[in-house]
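All remarks here apply to the structure that follows.
Just so it is clear, none of the values below were taken in a lab; they were calculated from the coordinates. Small disclaimer: the values here were computed from a predicted structure and weren't measured. Here the Cβ is made from the backbone with ideal geometry for all residues, glycine too, and neighbour counts use every protein chain on show.
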Amino acid sequence: MTTSAPTRNLNVSSYIAEAIRLEMEADDAIVVLGEDVGRQGGVFGSTRGLQKRFGDRRVLDTPISEMAFTGMGVGLAMSGYRPMIEIMFVDFIGVCLEQVYNAIAKNRYMSGGNVAMPVVIKTAGGCIGSAAQHSQCLWGTFAHLPGMHVVAPSSPYDAKGLMAAALQSDDPVVYIEHKALLLSKSADFAHGAEVPKERYTVPIGEAATVRDGGDVTIATLSANVRDALRAAEELSTEGIDVEVIDLRSVVPLDTATVAASVARTRRLLVVDEDYLSFGLSGELITRVLETLGPSGIEVVRRLGVADVPIPAARSLEEAVVPGATAIAEAVRAMAS
Amino acid sequence: MSNQLHEHLATMLRIRAFEEACLEGVASGEIHGELHTAIGQEAIGAGMAGVLRDDDALVSTHRNHAHALAKGVPLVPMLAEIFERATGLCGGYGGHMHLFDRDRLFSTTGIVGATLPVALGHAYAMVLDGSDAVAVGVTGDGGVNTGGFHESLNLAGALALPLVVLVENNDLAISVVSSEVSAAGSVERAPAYAARGQRVDGTDPVAVEAAFRAAVDHARAGGGPSIVEATCHRFRGHYEGDPDLYRSAEEKDALTAHDPIARARRLLLADGATEAELDELATRARTELEQALAEVRAAPAPDPAGAHDHVTLLPTGGPR
């Protein structure tokens with residue numbers, strides 16, 4: 001996919017593990033808790049090598065007790081630690097959301113700013129054929145609840161840099177890694193494929209324009225960025241010039257970057273692998289409209305999972321989850 | 001013994017005076033939300049007082065005032081928080097169910113059962129620190145049937161963490177009689193978690209202190225978790241305004257027989273204390289609270305312009 005082979009061709013999981021390792025080396029306060037994060041190094045390998053490097057106390061294999069170990073993050077943070085809590089699949093958040101949205105997200109506020117909650121909730125989302133209970137994204141759910149930043153990287157470079165930023169943040173950060181990207185290698189990416197070995201951060205809350213174009217703006221995030229870029233390549237052969245913006249974070253949402261693009265293209269397509277209603281797409285479109293005024297946009301569309309659970313069979317899954325083909329079709333309709 | 005009980009009586013009177021000051025705030029409308037008092041349960045807070053160090057953590061519930069006072073949380077800022085003042089412990093952002101004192105590692109949550117996972121995190125931090133501090137999680141008899149109780153005690157037992165679970169058992173989860181919906185008492189569950197278990201009369205502050213101190217010492221010495229269950233009686237409704245129709249009038253009238261303050265007074269008088277001396281303790285507590293109330297009432301309400309402060313350090317960029 002890339003024009004020249006990337007210097008390192010590791011999978012995204014390895015870059016995330018590298019980010020955590022570098023931050024843990026720099027800051028003794030960081031501890032990692034979760035299921036299979038230690039001996040196995042995470043079911044997707046994104047904590048691989050950490051327990052060996054930092055020991056089984058700083059990298060704790062927990063029982064299947066999300067309520068307990070997510071709540072431990074609260075106590076650890078109040079005791080001066082910077083816990084990273086791994087919720088293996090974001091779908092499991094239902095069993096421990098209590099500690100996330102009532103404590104981690106609210107303690108700073110409820111304490112009048114006296115108590116910091118530097119907690120990272122690291123969790124895997126996205127569709128890889130695992131059906132309704134192991135395929136959701138849910139970033140809109142976290143974003144709806146005040147008190148947390150929510151990031152979802154799309155590239156190897158951002159996966160490492162946003163993890164580092166999350167671990168350095170004094171605010172709670174929900175880091176949603178896409179399962180399909182975790183096992184992809186640098187060479188599979190047309191953007192952000194080069195990953196330095198050194199420490200660096202990608203600032204939380206800044207979108208990236210990953211492809212310049214003048215006809216239609218696509219705003220999206222996570223694995224859909226790759227789909228949007230593929231669609232844009234195809235559309236360029238048809239004479240449609242697409243700008244692709246990777247939002248990178250849902251909270252904060254970088255409306256300014258999207259609005260500036262739409263001010264030029266006057267066409268906005270929001271692509272969201274999360275549920276369609278009451279979510280990111282509606283929120284972003286509203287904010288862009290509030291910024292530009294109704295006369296600032298000619299065409300608005302959104303693609304999302306239209307309020308249906310994710311089905312199992314590939315034919316059904318492809319029917320509900322937006323991919324490159326659906327994106328290209330939507331843009332064609334908007335550009336005509 | 002009588003010196004100790006004398007001191008406990010003073011603490012219990014201070015707790016009751018505090019709760020009664022809060023009742024005043026509800027009646028006057030100065031406290032406009034829910035309020036849960038521990039009137040009738042003061043012996044537990046009194047028994048805990050003085051046992052914990054500043055570097056021990058205490059995570060309490062929606063019924064938390066006595067525990068906060070036991071941990072040494074300053075009374076006036078606490079009362080100011082409950083009275084919704086800018087000078088409150090949390091600037092008026094938390095209110096009575098959400099008290100945080102960072103320096104004393106004291107915090108609360110209004111969600112039943114949610115205290116224990118947080119206390120567990122403190123306990124784990126203490127192990128990471130290599131310190132001999134301990135963490136205490138308070139729950140009621142209602143909270144012991146949440147999943148968090150099981151998850152937290154299992155992990156504390158497996159890792160031998162310095163966690164003390166203090167169960168205030170007033171046998172009422174709002175209106176549901178806990179013993180009727182529990183397959184086993186909390187103390188009976190202790191062996192399953194490799195925990196120490198002890199049940200104590202929660203109207204006897206001397207007994208509470210002994211049991212609580214033993215559990216704290218056990219945790220401090222690296223012995224792992226304990227469950228201390230203090231049986232007690234909630235005199236008022238679950239919250240102020242609770243019609244409390246789940247108890248008969250006779251049942252409620254009978255509660256005064258279990259008043260820990262009257263009990264301590266009786267014992268001290270039998271032991272040679274004078275009425276005047278004990279009345280003086282009560283007067284001292286009431287005077288402290290009267291002065292505190294005056295100070296709190298002189299403080300302003302939080303500035304509404306600050307309602308969006310403290311959500312996150314990095315602005316979220318959302319619409320206001």
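Here are the numbers for this structure:
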item: For chain A: relative contact order, % (alpha-carbon pairs under 8 angstrom, 6 or more apart); result: 16 percent
item: Residue-count net charge about A:Asp215 - beta-carbon cut-off 10 Å; Lys, Arg +1, Asp, Glu -1; result: +1
item: Cα-centred dipole magnitude for segment B:187-320, charges only on beta-carbon of K, R (+1) and D, E (-1), debye, nearest 20; result: 560 debye
item: Semi-axes of the equivalent ellipsoid for segment B:50-153, Cα gyration tensor, largest first, Å; result: 23, 17, 10
item: Lys/Arg +1, Asp/Glu -1 at C-beta; segment A:260-308 dipole; positive extreme among A:Gly279, A:Leu268, A:Val305; result: A:Leu268
item: Calculated log₁₀ intensity ratio I(q)/I(0) where the Debye formula runs over C-alpha points of segment B:1-109, q = 0.19, 0.23 Å⁻¹; result: -0.92, -1.29
item: Hydrodynamic radius (Kirkwood) for segment B:156-207, which is based on Cα pairs only, to one decimal in Å; result: 12.7 Å
item: Equivalent ellipsoid dimensions for segment A:208-335 as semi-axes, Å, which come from the Cα gyration tensor, largest first; result: 22, 18, 12
item: Nitroxide proxy distance, nm - points 7 Å out along Cα→Cβ at A:Ser277 and A:Gln133; result: 2.4 nm
item: Euclidean distance between Cα centres, segment B:159-214 to segment A:156-210, Å; result: 47 Å
item: Average Cα contact separation per residue, segment A:12-188, under 8 Å, 6 or more apart, as relative contact order %; result: 24 percent
item: Sequence-separation-based contact order of segment A:208-335, relative, with Cα cut under 8 Å and 6+ spacing, percent; result: 29 percent
item: Three principal axis lengths of segment B:88-213 [C-alpha, angstrom, descending]; result: 40, 35, 32
item: Translational diffusion of segment B:33-76, µm² s⁻¹ [Kirkwood Rh, Cα pairs; Stokes-Einstein; 4 °C; 1.567 mPa s]; result: 118 µm²/s
item: Extended-chain gain in nm, criterion 0.36 nm per residue less alpha-carbon gap, A:Arg199 and A:Glu233; result: 9.0 nm
item: Helical mean residue ellipticity (222 nm; -39500 (n - 2.57) per DSSP H run of 4+; nearest 500) of chain A; result: -10500 deg cm²/dmol
item: Label point distance in nm, A:Ala313-B:Asp271, each placed 7 Å from Cα along Cα→Cβ; result: 7.9 nm
item: 19 Å reach of a label modelled at B:Ala262, 7 Å along Cα-to-Cβ, counting backbone N of segment B:232-247; result: B:232-237, B:247
item: Cut-off 9 Å between beta-carbons: net charge of the residues surrounding A:Leu276, Lys and Arg +1, Asp and Glu -1; result: -2
item: For A:97-105, mean number of other protein chain Cβ atoms within 10 Å; result: 3
item: Per-q log10 I(q)/I(0), segment A:51-144, q = 0.16, 0.19 Å⁻¹ (Debye; single scatterer per alpha-carbon; no solvent); result: -0.71, -0.95
item: Per-residue [θ]222 nm for chain B (sum of -39500 (n - 2.57) over DSSP H runs n ≥ 4, rounded to 500); result: -13500 deg cm²/dmol
item: Residue among B:Ala276, B:Ala173, B:Ala123 with the largest mean-square fluctuation in a Gaussian network model of chain B, springs linking Cα atoms under 10 Å; result: B:Ala276
item: Paired Rg and Dmax values of chain A, which use every Cα atom, in angstrom; result: 19.4, 59
item: For segment B:244-277 versus segment B:77-127, the gap between their alpha-carbon centres in whole angstrom; result: 30 Å
item: Against the rule of thumb 2.2 N^0.38 Å, how large the Cα Rg of chain B comes out; result: 0.99
item: Two-site FRET efficiency, A:Glu298 against B:Val177, from Cβ-Cβ distance with R₀ of 51 Å, rounded to 0.05; result: 0.20
item: Computed FRET value (nearest 0.05) for B:Arg102 with B:Ala221, which takes r as the C-beta separation and R₀ as 22 Å; result: 0.25
item: Positive-end residue, chain B charge dipole about Cα centroid, Cβ charges, pick of B:Gly197, B:Thr231, B:Asn169; result: B:Gly197
item: Simple Cβ-charge dipole of chain A, Lys/Arg +1 and Asp/Glu -1, about Cα centre, in debye nearest 20; result: 540 debye
item: Over 31 Å [Cα-Cα, the protein assembly as shown], rounded percent; result: 56 percent
item: Inter-label distance for B:Asp54 and A:Asp36, nm, one decimal - labels placed 7 Å from Cα along Cα-to-Cβ; result: 4.5 nm
item: Cα centre as origin, Lys/Arg/Asp/Glu Cβ charges: segment A:208-335 dipole, Debye; result: 180 debye
item: Lysine pair count for segment A:83-206 [Cα-Cα under 26 Å; pairs on different chains or 8 or more apart]; result: 10
item: Residues A:Ser169, A:Ser261, A:Ser315, A:Ser277, sorted so that the one with the fewest Cβ neighbours within 10 Å comes first; result: A:Ser315, A:Ser277, A:Ser169, A:Ser261
item: At 1.002 mPa s and 20 °C, Stokes diffusion of segment A:12-188 via Kirkwood alpha-carbon radius, µm² per second; result: 136 µm²/s
item: Value of D in µm² per second that Stokes-Einstein yields for segment B:217-319, Kirkwood Rh from Cα pairs, at 10 °C (1.306 mPa s); result: 79 µm²/s
item: Full-extension gain in nm, A:Ala306 to A:Glu290, via 0.36 nm per residue minus C-alpha separation; result: 3.3 nm
item: Whole-angstrom gap from segment A:255-271 to segment A:57-98, using each part's C-alpha centre; result: 37 Å
